[in-house]
Structure formats: C-alpha cells, structure tokens
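Asks: Quick one: the structure is below, and I'll ask about it shortly.
The values are calculated or read from the model by the stated rules, or taken from the named source; none is laboratory data. Quick caveat: nothing in here was measured; it's all calculated off a predicted structure. Neighbour counts are summed over all protein chains in view; Cβ atoms, including those assigned to glycine, are modelled from backbone coordinates with ideal geometry.
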Amino acid sequence: MKCDICGKHEAVLFIESVEGHKISKQKLCMNCAMKVADNVMTELLPLASILGGLNIPGLSLTLDKESFKCPHCNRTLEEVEKTHTVGCDSCYKTFKDFIDPIIFTSGYALPYKGSYPKPLQRFSDHRKRLKLLKSQLQDAVNTEDFENAAKVRDELKREKEKFKK
C-alpha cells in the first residue's frame with residue numbers, strides 16, 4: 001500500500017480517526033508520518049509498541065511491522081522484535097523508539113539512569129577517572145610522549161592513593 005500523501009513509499013503507519021459518524025483513514029509512509037505527525041511518532045508509537053496497539057476513543061493507530069523496514073539492510077521491525085537483533089547500525093536509528101521496549105519486555109536490564117548514594121557515586125566517579133587516566137597513559141606511551149606519560153602516571157598514582165583514604 002502506498003502513502004496517501006506522497007504516493008511514492010510504502011505505508012507503514014495507518015491512522016483511523018472518528019469524528020461523530022464520519023470515519024477517516026490515512027496511510028502514511030515513515031517520511032510523511034514524521035512530517036505530518038511528529039507527536040504521534042515520538043510519543044504514541046513507542047507506547048503502541050509496548051501495548052501491542054493503541055486505543056484512544058476516536059483514534060486508531062496501527063503500525064505495519066512487516067512494511068516498516070531499515071533503509072539500509074531491509075530488516076523489518078517484525079524481524080527485530082522476533083529475533084531481538086538488528087541487521088546494521090542504521091537499524092538502531094530506524095527502530096530507536098522500539099528497541100528499549102523490546103529489551104524491557106524481553107527481561108534484559110537497561111542501563112540505570114537514576115541517582116546513586118554518595119559513597120557509591122564517589123566510587124563510580126573514581127573508576128571512571130582511573131579508566132580515563134589509564135587510557136591517557138596508554139595513548140602517551142603509544143605516541144612515545146614519555147614526559148606526558150610520566151605526568152599521567154603520577155596523577156594515576158595520586159588518584160589511587162586518594163581513594164584509599
């Protein structure tokens with residue numbers, strides 16, 4: 001099915017709205033849906049993906065998971081949901097609103113985004129700082145910048161000693 005607006009691309013979003021006794025249906029490709037209904041794409045589709053559909057009085061919103069494809073590898077949203085894998089790096093951009101819900105419903109843990117208790121936050125910051133310093137030290141050694149490497153090494157020692165206290 002082609003998009004009602006551009007008539008060029010395959011429709012992947014189907015919107016049905018009811019006003020009084022009149023039912024209007026619209027088929028949109030991803031490009032036109034993003035232009036016309038940016039709010040629908042960013043707010044309602046991830047929710048629709050989690051719930052398996054969206055029922056708002058007077059509005060019906062469905063996504064054709066077989067037609068919704070990655071432009072580079074042609075992997076469909078349906079395949080991503082079934083296999084829990086993407087085909088290429090472009091899939092992450094194409095299906096970005098659907099990947100977190102897929103991971104969440106699969107039982108996999110998502111990265112923690114909340115706050116930490118102060119001691120744990122200090123420890124986390126310390127580990128990040130050590131990792132950064134070690135990376136800088138390795139870079140300095142690889143480029144044979146031994147003067148800078150010695151400074152970074154000393155700073156690394158101070159950082160380790162500081163945390164022991």
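Asks: Could you give every pair whose Cβ atoms fall below 9 Å, whose first residue belongs to region 4-28 and is over 20 Å from Phe95 (Cβ atoms), and whose second residue is in a loop (DSSP other than H, G, I, E, B) and of a type in the set (Phe, Trp, Tyr), counting only separations of at least 6 or pairs across chains?
Replies: Between residues of region 4-28 that are over 20 Å from Phe95 (Cβ atoms) and residues that are in a loop (DSSP other than H, G, I, E, B) and of a type in the set (Phe, Trp, Tyr), there is no close pair.
Asks: Moving on. Tell me which residues, restricted to region 155-165, are in a helix (DSSP H, G or I) and at pLDDT below 85.
Replies: Scanning region 155-165 gives Lys162, Phe163, Lys164.
Asks: Do any helices (runs of 4 or more DSSP H) entirely within region 74-154 hold 1 or more residues that are at pLDDT 80 or above and surrounded by 13 or more Cβ atoms within 10 Å (Cβ to Cβ), and if so, which?
Replies: Of the helices (runs of 4 or more DSSP H) lying wholly inside region 74-154, those with at least 1 residues that are at pLDDT 80 or above and surrounded by 13 or more Cβ atoms within 10 Å (Cβ to Cβ) span 77-83, 89-94, 118-142.
Asks: Tell me, yes or no, whether region 21-42 has at least one residue that is hydrophobic (A, V, I, L, M, F, W, C), crowded, with 18+ Cβ neighbours inside 10 Å, modelled with pLDDT of 75 or more and outside any loop (DSSP other than H, G, I, E, B).
Replies: yes
Asks: Name every residue in region 88-100 that is of a type outside the set (A, V, I, L, M, F, W, C) and farther than 17 Å from Val12 by Cβ, in order of residue number.
Replies: Taking region 88-100 and keeping what is of a type outside the set (A, V, I, L, M, F, W, C), we get 89-90, 92-94, 96-97, 100.
The answer is Asp89, Tyr92, Asp100.
Asks: Then there's this: Return yes or no: is Ser60 at pLDDT 70 or above and among the hydroxyl-bearing types (Ser, Thr, Tyr)?
Replies: It is false that Ser60 is at pLDDT 70 or above and among the hydroxyl-bearing types (Ser, Thr, Tyr).
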